[in-house]
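Accompanying notes for the structure given below.
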Amino acid sequence: MSSNRLSRGLNGKDLITVGIFSAVYFVINFAFMLLSALHPILWILMPGFIAVFSGIPFLLMCTKVQKPGGVLLMGVITGLIYFVTGMFTVIILVTFVIACALAELSRAMMKYASFKGNLAAFVMFSLGMTGSPLPIWLTRDSFFAQISSQGMPESYIETLKAISSPTMLIVLFAAPVIGAFIGAYIAKGMFKKHFIKAGIV
Amino acid sequence: MNKPSCLHIDPRTGLLLLVMSNILAFIQPSFPLELGWIIFLCLLTALCGCGKAAVKWLLVFGLILCLQFYILPASPKLIATGCSIFANYTRRMLSCAIVGMLMVKRTPLRELIVGLRTWHFPQKLIVAVSVTLRYFPAIREETGYIRDAMKLRNIHGLQKVEALVVPLMISATSTAEELSAAAVTRGIENPAPKTSVVELRLNAADWTCIVTGVLFTAASYLTS
């Protein structure tokens, strides 16, 4: 019974592939997360930056695992490790789950092997990271009250308040979409230039 | 690996402490509680045989406090803003980092897997997560080798990124293939319930840790 389920779903090889590329994705993600502490604007653009640079591991994973569940598993692993680092909020959990579900859906609708389908999935997946700065708009008052009680400097809060206008909210969501397109085309170029020649895709 | 004189905590206790550290970081306890929690975790680290690491963590905590209360208010504004955000994040993440480091140093992955299995995590998730965790040190190792190779060949600028990313991805792909071949041979796809030589049991020390953690969490919840 369960062997039946295994053969239809992700098998051992798929799980290991997803696991390894999740590690690579997480390293990129975490590096930009740390970088975003430097200035508030970097934090708002962070999902976009992550999308530009994580295109290769994501699309490589997609070409290796052409089955439902791969992207979802990658999201769950990233979420679990973020939980360990203490940088996890309920909002990011919600956006991650929605993003992974939409990514799975777009892969399922546009065939798992197509570049378009994977690109759409990558856009959705990248949007999941918007949950990190989203509390600035979603729960504005309690968010600012919380960070000022945490001892964030007054000047940081002022800058953050000044730049987090409603138009910035559009930028927050536009950045990962644009970033994902750039990231995916960089990845496509790399595939052509190196990976197909090396025989790994 | 385990010195007989050291305390050995169960991976499940470690995970519970991590969860509680997360909750504590989220509700922002008052200073005495925060200090108490850090000291408790450092004590635990020392008892588990990582005395040096415990001292290091305490120094880091002291340094952050000094920075936040004495140095930064007196330093120029530009430096102060950047550094205080950094100090703030580090202080919030510190307890998680202590538990995380302790688990990385003292809990073998094999035990963690058995621990997660007893909590009925899906087998597929356990496989993927444990591969991810095991691959982090491998990434560091690989990048070290690639950097050395780049130094030899005198690569500069944007080329450096490409020269780092491509071999990293290729080695990730080939590792995935080799590892899956090995894992399939060893029966990773066997549907029968897995067994293990590792037997986990929560002892008095584990319960002490869990109860202390719950007490700290409850106290900070009630006082916040």
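The values are calculated or read from the model by the stated rules, or taken from the named source; none is laboratory data. Everything quoted here is computed from the prediction, not taken from an experiment. In this analysis, Cβ positions are derived from the backbone assuming ideal geometry, glycine residues included, and neighbour counts consider all displayed protein chains.
Residues of segment B:92-144 that are touching a residue at least 40 places away in the same chain (Cβ under 8 Å), among the basic types (K, R) and more than 18 Å from B:L44 (Cα to Cα): B:R92, B:R110, B:R117. Quick check, is B:V131 facing chain A (nearest Cβ under 9 Å) and either over 21 Å from the mean Cα position of the chain (by Cα) or among the hydrophobic types (A, V, I, L, M, F, W, C) (or both)? Yes, satisfied. Candidates in segment B:52-88 are the residues that are small (G, A, S) and under 17 Å from the mean Cα position of the chain (by Cα); of these, the one that is farthest from the other protein chains (Cβ to nearest Cβ) is B:A54.
Residue-by-condition table, conditions (1) among the β-branched types (V, I, T); (2) within 14 Å of chain B (Cβ to nearest Cβ); (3) in contact with a strand residue (DSSP E or B) (Cβ under 6 Å, 6 or more places away or on another chain):
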site: A:S126; (1), (2), (3): no, no, no
site: A:S149; (1), (2), (3): no, yes, no
site: A:E154; (1), (2), (3): no, yes, no
site: A:T167; (1), (2), (3): yes, no, no
site: A:H194; (1), (2), (3): no, yes, no
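Anything in segment A:68-115 that is within 24 Å of A:S142 (Cα to Cα) and either assigned to a loop (DSSP other than H, G, I, E, B) or in contact with a strand residue (DSSP E or B) (Cβ under 6 Å, 6 or more places away or on another chain) (or both)? List them, or say none. Listed by number, the residues that qualify are A:G86, A:M87, A:F88, A:T89.
Under the condition of being within 11 Å of another protein chain (Cβ to nearest Cβ) and not in a helix (DSSP H, G or I), the residues counted in segment B:95-122 number 2. In segment B:134-148, what residues are touching a helix residue (DSSP H, G or I) at 6+ places or on another chain (Cβ under 8 Å) and either surrounded by fewer than 19 Cβ atoms within 10 Å (Cβ to Cβ) or farther than 22 Å from B:V99 by Cβ (or both)? Scanning segment B:134-148 gives B:R134, B:F136, B:A138, B:I139, B:E142, B:T143, B:I146, B:R147.
Within the bounds of segment B:63-72, is there any residue that is farther than 26 Å from B:L222 by Cβ, assigned by TED's automatic domain parsing to the domain that holds B:L215, buried (at least 21 other Cβ atoms within 10 Å of the Cβ) and of a type outside the set (F, W, Y)? Scanning segment B:63-72 turns up no residue that is farther than 26 Å from B:L222 by Cβ, assigned by TED's automatic domain parsing to the domain that holds B:L215, buried (at least 21 other Cβ atoms within 10 Å of the Cβ) and of a type outside the set (F, W, Y).
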